[in-house]
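Every number in this text was worked out from the coordinates using simple rules, so none of it is lab data. Since the model is a prediction, treat every value here as computed from it, not as a measurement. Cβ placement follows ideal geometry from the backbone for every residue including glycine, while neighbour counts extend to all protein chains displayed.
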Amino acid sequence: MTKADKKQVMNKCIGVSILLAILTFWLSESLVRLPEIARIGDKAKWSGWVKVINGEGEARQKGGPIYTTVAWMRDVLRERIYWRYRKWVMMDATYPTDRFVLIAWTVFCVLIGTIVGLLRIKKDNKSQTVDASSE
């Protein structure tokens, strides 16, 4: 496998993981969240995901499975940091915003996609080594 092939595999894995992150976040939140058009009544304009991207999404107590998971991980990390450095960190009871959850979920999916890409490259290198030694 050449260097260009390795780069192409990594780009594909990262691109697919970003797409997967956005689609799974959208699916997760669309299961539990009312569409914007249902909340505003007479105005027939849906701008829910525009609000998420612009950072205007609300911080709320309930969300989809991804929102709940990221909020739980954030709380666990904040508690550990608070107990270790309680003199410097102030704990507040706010919930994460939609933008924070989307970015955290995307970073998580990109890390997993990078690991999958590296394992795929390693597997291809091993198979090429075995093929070259058997010839």
Along the Cα→Cβ direction, 7 angstrom out, place labels at Thr94 and Lys6. What is the inter-label distance in nm? 4.3
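Give me the net charge for the shell around Gln8: Cβ to Cβ below 15 angstrom, other residues only, Lys and Arg +1, Asp and Glu -1.
Numbers: positive: Lys3, Lys6, Lys7, Lys12, Arg120; negative: Asp5, Asp124.
Once positives and negatives cancel, what remains is +3.
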